[in-house]
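The values are calculated or read from the model by the stated rules, or taken from the named source; none is laboratory data. Note that the structure is predicted; figures quoted are calculated from it, not measured. Glycine gets a Cβ as well: all are built from the backbone with ideal geometry, and neighbour counts include every protein chain shown. Heads up: the accessible areas ignore ligands, DNA and RNA and are worked out on the full protein's heavy atoms, side chains in. Shrake-Rupley method; radii C 1.70, N 1.55, O 1.52, S 1.80 Å.
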Amino acid sequence: MVSTNRQRNIRFAVGSALPAQGFFAALVFSAVFIGSAAVSVSPAAGQENNSVVAVVNADPITRQMLSTATLERYGETVLDNVIVNRQLILQACKDRGLEVTQAEVGQEIQRLATKFGFSVPDYLGLLQEERDIDPGQYGREIVWPMLALRKLVADQVEPTEDEFNRAYLAQYGEAVKCRMIMVADEQKARQLHQQATTTPAAFGSLAKAHSEDEVSASVGGLIPPIRRYTGDSRLEEAAFALANDQISPVMQLADQWIFLQAVRRIPATTPPMTAMPTIREQISDRIRDQKMKGAASELFAKLQRDANLVKVLGNAELMQQYPGVAAIVNNQRISISQLAAECVKRHGKDVLDGEINRKLLTQGLSKAKKTVAETDLQAEIARAAKSYGYIRSDGSADLAAWTESVTSDGDTTYDIYVKDVVWPSVALKKLVEDRVAVTEEDMQQGFESNFGPRVEILACVLSDQRTAQKVWKMARDNPSEEFFGRLAEQYSIEPVSASNSGKVPPIRKYSGQPTIERQAFALKQGELSGIIATGDKYIIMKCQGRTKPIVADIEAVRSELVRDLTEKKFAAEMAKEFDRLKDTAQVDNFFVAAKEIATAPQSGKATR
């Protein structure tokens, strides 16, 4: 299945400071408050729509073009998941006489930043860097709804004293350090339980050998300390009922059978009294957050259930009846222009990247005097379907099943799939098709790489030459494979070789690692390599022999090789061509530049 994110990546690839409170709140509320009637486009708005957001080799992309492209891809998702829900929250607040003020938005951001140990600018900068959430989006889509929901369910989320006491005990109360054995079969669990109760000192060995929870089994069954009010009450009661080394009865949790052995009691922690106000605030906040999730979900369900919602977008009959309207929520109209503006705010940058890439490809095709025909698109769809295993019994592509797969996320339509994934791929193939040819030399190398003999080795990967020299000397002095495996377990920084006693996948020719291949194929069985420097790593190999080829005749796999090599050559040439188009293009992106200017601090002024 091709996910939406993967499709976006294909399209794009082949295709910090905090504003002052008033300005920030204006940013938030300009997007939050939704008018009561569809907005007609004024001359100023028309000029805005005709403004240029990017120029690609003197070919402009207007804001209207960007709005249309963004609305086409994200309109329904943003309408359903953002605007309608926001409108419902807003109307609920109005009905109850509640308001989220500008000061409250700023104060909440300040509180959250302080809670995590950041200044506000650093906190917002981190959000933008790590999660790609700009300050406006953060206030509009996270802070405002959170504050509004908190007010709407305030009477349901305040922690009780009993809830606080339970949470306090869960964090600071007594705990029991335990070992655990977990298996899926009840009979096996009871057999192991009998062995453990007979010989309690063997519990760790039994867990390591038999427990099906790999994480705890690897450390002799040890699990994190069990505290009260943190999970399944039966598990907690069983743990706290045990004396040191005592073993619990067998219990069924979900579809697993488990039993515990107490290792030791961990006494309760008593924080200093001066820390209690902060601790109470932190625990209370956590309880509120947990309760608010449930209360908010129930509130949302009720608001949606009771709402009078008419979704106009995507319904041809209703779109004729209500021109320019995207939806009607409790008699409040949400216009197409409002929806498009929200889509651009959320997704404009990424969609514009895609439109710029489309311009580059269109211009490239025009210059090369080539076109993309419908037959080309259908052939590419069939090729993709086959490559992902969607094949009918007669060997043809199962287009219906493939189409269902690529549109199964509910957000990607067939038209968008063709436009954003298929067309760019076909366009690039058209541009490079004259450069792609599979030679007999390619065939021979491909045959050797895919079907020829491979070298079976043990490997140890080191991070520095000094350690590599030390390990190499030890391996030379003790030439057994078992000893080399122990060296790999102890010293290798590469996970596969470290966890498998040095065993790694066999080395094949023409895999893209010529230095390693050359050294590997020069080794005889039992022979130790020298220290191989590659990048910033140092590799030592011990040869175990060579595999025997399964296919001896190249003609038996010629068609498979031609298909595989052709696709690889096309992929390499397509990547180079797209890089060339970008490197030689004159692209002016005013949309991104405007956003950067808007969020940059102004010299000599308050940060905006």
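Looking across segment 99-121, the residues that are surrounded by 15 or more Cβ atoms within 10 Å (Cβ to Cβ) and touching a helix residue (DSSP H, G or I) at 6+ places or on another chain (Cβ under 8 Å) come down to VAL100, GLN102, GLU104, VAL105, GLY106, GLU108, ILE109, GLN110, LEU112, ALA113, PHE118, VAL120. In segment 232-262, of all residues being among the small types (Gly, Ala, Ser) and open to solvent by less than 80 Å² (accessible area, probe 1.4 Å), the one that is modelled with the lowest pLDDT corresponds to SER233. Being closer than 28 Å to SER218 by Cα, at pLDDT 95 or above and surrounded by 14 or more Cβ atoms within 10 Å (Cβ to Cβ), is that true of even one residue in segment 516-539? Looking for residues that are closer than 28 Å to SER218 by Cα, at pLDDT 95 or above and surrounded by 14 or more Cβ atoms within 10 Å (Cβ to Cβ), one finds at least one in segment 516-539, hence yes. The residue list THR269, THR274, THR278 contains one member that is farther than 20 Å from VAL183 by Cβ and open to solvent by 90 Å² or more (accessible area, probe 1.4 Å), which is THR274. Here segment 143-170 is the region considered, the condition is being closer than 11 Å to ILE287 by Cα and aromatic (Phe, Trp, Tyr), and the residue that is surrounded by the fewest Cβ atoms within 10 Å (Cβ to Cβ) is PHE164. Those helices (runs of 4 or more DSSP H) of segment 405-473 in which at least 2 residues are β-branched (Val, Ile, Thr), considering only elements entirely within it, cover 423-432. Remark: pairs (first residue in segment 217-229, at negative phi and in a strand (DSSP E or B); second residue open to solvent by 10 Å² or more (accessible area, probe 1.4 Å) and not charged (D, E, K, R); Cβ separation under 6 Å; 6+ apart in sequence or on different chains) = ILE223/MET180; PRO225/ILE266; ARG227/ALA170. Selection over segment 139-183 of residues that are among the aliphatic types (A, V, I, L, M) and within 30 Å of LEU260 (Cα to Cα) gives a count of 9. From the residues in segment 531-556 that are among the aliphatic types (A, V, I, L, M) and more than 27 Å from VAL471 (Cα to Cα), which one is farthest from the chain's Cα centre (by Cα)? My answer is ALA552. Only one of the numbered conditions (1) within 29 Å of the chain's Cα centre (by Cα); (2) open to solvent by 40 Å² or more (accessible area, probe 1.4 Å) is not met by VAL406, and that is (2).
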